[in-house]
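What follows draws every value from the coordinates through simple rules; no lab data is involved. Just so you know, these numbers come straight off a predicted model, no measurement behind them. Heads up, the Cβs are rebuilt from the backbone with ideal geometry, glycines too, and the neighbour counts pull from every protein chain shown.
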Amino acid sequence: MKAMVVREFGPPSVMKLEEVPTPEPGPGQVLLKVHAVSVNRTLDTKVRAGKYARPVKLPLVLGVDPSGVIAKLGPGVTDRKVGDRVTVALRVSGGDNSGADAIRLMGVHAWGGYAEYVCATAANTTIIPDGVDFPTATVVTRHAPTALHLLADHAKVKPGEWVLVMGAAGGLGSAGVQVAKHLGARVIAAAGGDDRVKVGLDLGADAGVNYRKQDLTIESLRITEGQGINVVFENVGDPELFPKAFAALTRRGRLVTAGGHAGGIVPLDVNKLYLNQITVMGVTGERPESARLTLEMAAAGKFKALIDRVLPLSQAPLAHELVEARGGLGKVILDPTQL
């Protein structure tokens, strides 16, 4: 099979399209013919550049969120069949919500989906509903379950509460807007450009703030008529914006975060933290059933996946350049059925 292999850390050009052996599924595994896999800043471009926070061994095939068609079953697999259309959860093992260590991720610690075929644990696959294409399924499974986990399970968003979504046009941010609305919240879409704010509004947000042109705290308090924000959905980690969002929180407000694309080192007003009994939570992962629930939302037209473009597998270096330039709106997808 063909795969984009990384044999040394460096710029996008270190990824090379190679002929490698097609893997054989082991016990409890399936062999997936990959039809779509997304390009992510942290779990693809930083891993390729050698800047990921955890050790990575080379050679490696990137790609944490492939979707496709099951081509072969490994021993012991009974709840999947050849021909099933599925997505794959990125966690291979470890790091569950009970606090287990040794998180292993597909495309980081095991070969991933930048390939014509990949082996995946059958229990980590989710059937794609009819009417949902592979790029959409990949984007939904990558971000929507995490957004649901942060907002429903940890922030415990209630109907009518105000949720401020940072980076509302990004992969996780756009999922946060839609999940918050699904939970009955009133949503403020905050982003760094008028076009990006519009994306959040088009996805159902009740109001928007361009935090590069407007004061985020002042605008949030104005929109909420002085009430303040109940929940901040943060995945930017900008040292100027984080304290602005934090300052907009009302008493007993909650801030949940699963990202730090702007650096992640931010100031924190500890006085406001304890005087107003605010909770700050860093969370990753999702519930096992969340992928199924969010794919069903997509099938019912209740969740929109933002996709910038779909490229052939051989154009993975270009895809990384596009993602690192941060110029597009929506995810960049690779299609390994196109070489």
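Hey, can you rank 193-202, 229-238, 277-286 by average C-beta count inside 10 Å, highest first? Working shown, then result.
Values: 193-202: 18.4, 229-238: 25.5, 277-286: 15.9.
Highest mean packing first, the order is 229-238, 193-202, 277-286.
If neighbour count is taken as other Cβ atoms inside 10 Å, put Ile218, Ile128 in order from fewest to most.
Working: Ile218 13, Ile128 27.
Result, fewest neighbours first: Ile218, Ile128.
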TODO: Place the peptides 44-51, 110-117 in order of packing, highest mean first, counting for every residue the other Cβ atoms within 10 Å and averaging per peptide.
DONE: 110-117, 44-51
- [ ] Would you work out which of Gly68, Asn235, Pro27 lies farthest towards the positive end of the dipole of the chain, given +1 charges on the beta-carbon of Lys and Arg and -1 on that of Asp and Glu, about the Cα centre?
- [x] Asn235
- [ ] Sort Ser174, Ser220, Ser13, Ser290 so the one with the fewest other Cβ atoms within 10 Å of its own Cβ comes first.
- [x] Ser13, Ser290, Ser220, Ser174
Open item on the list: Just want the ordering: Glu161, Glu321, from fewest to most Cβ atoms lying within 10 Å of their own Cβ.
Closed with: Glu321, Glu161
- [ ] Calculate how many DSSP beta bridges within the chain are antiparallel, expressed in % of all such bridges and rounded to the nearest 5.
- [x] 50 percent
TODO: Report the one residue of Thr294, Gly328, Gly193 whose Cα lies farthest in the direction of the positive end of the charge dipole of the stretch 182-339 (charges on C-beta: Lys and Arg +1, Asp and Glu -1; origin at the Cα centre).
DONE: Thr294
Task: Rounded FRET efficiency, nearest 0.05, which uses the C-beta distance separating Lys16 from Lys272 and R0 of 45 Å - done: 0.35
Open item on the list: Among Ala291, Ala299, Ala325, which one shows the highest mean-square fluctuation when the chain is modelled as a Gaussian network with alpha-carbon springs under 10 Å?
Closed with: Ala325
Task: Residue-averaged [θ]222 nm for the chain, counting only DSSP H segments that reach four residues, each worth -39500 (n - 2.57) - done: -6500 deg cm²/dmol
Task: Shape call, the chain: gyration tensor on alpha carbons, a/c limit 1.5 - done: prolate
